[in-house]
1. Compare LEU201, LEU38, LEU191 in a GNM of the chain, Cα atoms joined below 10 Å, and give the one with the largest fluctuation.
2. So if I take the centroid of the Cα atoms in the range 163-192 and the same for the range 96-132, what is the distance between those two points in Å?
3. Which lysines have a Cα less than 18 Å from the Cα of LYS162, not counting those fewer than 8 places away in the same chain?
4. What is the range 3-245's relative contact order, in percent, from Cα pairs under 8 angstrom and six or more apart in sequence?
5. Which of the GluC sites (Glu not before Pro) found in the range 181-257 are loop residues per DSSP with 13 or fewer other Cβ atoms within 10 Å of their Cβ?
6. Run through the DSSP bridge list for the range 3-245 and note the antiparallel percent, rounded to the nearest 5.
7. Find how many whole Å separate the alpha carbon centroid of the range 232-272 from the alpha carbon centroid of the range 8-36.
8. Once phi is turned into ³J(HN,Hα) by the Karplus curve 6.51 cos²θ - 1.76 cosθ + 1.60 with θ = phi - 60°, what whole-Hz value does each residue of the range 225-242 show in order, with x for glycine and proline?
Amino acid sequence: MPKEVIEMERKKVTITDLRNKKREGKKITMLTAYDYPLARIMDEAGVDSILVGDSLGMVVLGYESTVPVTMDEMIHHAKAARRGTRYAFLIGDMPFMSYQINRDEAIRNAGRFMKEAGCDAVKLEGGYEVAETSQAIIDAGIPVLGHLGLTPQTISKLGGFKVQGKDAQAAKRIIDQALALEKVGCFAIVLECVPDELAKLVTERLSIPTIGIGAGPHCDGQVLVTHDMVGLFDRFVPKFVKQYTKLSLSISGAVSQFKEDVERGKFPAKEHCFAIKEEDLKKLKKGEA
Ligand code: KIV
């Protein structure tokens with residue numbers, strides 16, 4: 001089918017589409033993007049949802065963790081991702097301390113993602129401790145994506161990047177918190193770094209979709225940090241990541257080639273240059289211009 005016809009038939013993804021996918025047993029796809037070109041590539045490739053994750057802090061801004069990321073940084077990148085996104089459901093990730101202090105501040109910050117960056121929803125990390133805040137944001141008219149299991153903003157409290165819900169008690173707590181987030185109206189829940197059988201149980205118990213990252217194949221959808229998936233961030237590669245390509249190698253190959261070409265006078269070549277008319281050049285050289 002011609003590209004224009006496909007484009008005409010494509011509609012913007014909504015929460016209803018995501019819910020329907022779960023009901024129909026179709027998998028949901030989500031990837032992170034923090035700028036215009038990557039968001040555009042993903043949107044054109046047809047992913048259901050783009051997450052402007054606070055993983056931005058580590059994979060693009062070079063921070064040691066997601067903790068230092070600010071609201072202004074998130075809004076700046078979410079705006080750029082918005083400009084590259086036509087169809088995918090765009091979610092802004094609320095950074096650490098943008099929703100913990102009080103309800104009003106949380107609503108105001110969630111509202112910035114919608115009003116300033118044009119996001120379709122926001123994501124909050126946590127369970128019981130963010131349930132009321134999530135409800136208040138939802139009541140203000142902003143859809144909320146929950147996030148349970150390994151929650152990188154509270155890595156210090158969790159004692160490191162560790163699999164969560166490994167014993168019966170911890171697993172039960174994750175199930176109960178998922179039910180609590182569903183009850184307050186979250187439209188879906190990210191499950192990060194939990195055993196796949198636990199993710200299966202959560203997925204079966206919820207009527208809203210689960211989106212897994214390091215949570216096995218039984219979730220209703222999958223999300224990955226794009227820079228991990230395309231090999232652009234290799235400070236460490238988590239076990240659950242599948243690297244589909246190694247972009248850092250291609251880029252470093254291109255950079256070395258550029259350096260060599262410039263140093264040897266091979267770039268720019270004739271085809272990269274602009275011409276001036278012969279007579280104008282003569283005038284210029286004679287000082288008659
Ligand atoms: O920040 C992020 O990219 C995320 C995903 C890993 C779900 O929260």
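Read the figures in this text as sums done on the coordinates, not as results from a lab. Only a predicted model underlies this, so the values are computations on that prediction, with no experimental measurement involved. Every residue, glycine among them, receives a Cβ derived from its backbone with ideal geometry; neighbour counts consider all protein chains shown.
1. LEU201
2. Cα centres, the range 163-192 to the range 96-132: 19 Å.
3. LYS172, LYS239
4. Values: 481 pairs, mean separation 40.4, N = 243.
Worked out over the range 3-245, it gives 17 percent.
5. Details: sites: GLU182, GLU192, GLU197, GLU204; in loops: none.
The qualifying sites: there are none.
6. Working: 1 of 28 bridges.
So the antiparallel bridges in the range 3-245 amount to around 5 percent.
7. Cα centroid of the range 8-36 versus Cα centroid of the range 232-272: 32 Å apart.
8. 6, 4, 4, 6, 5, 9, x, 9, 10, 10, 4, 7, 10, x, 3, 7, 7, 9
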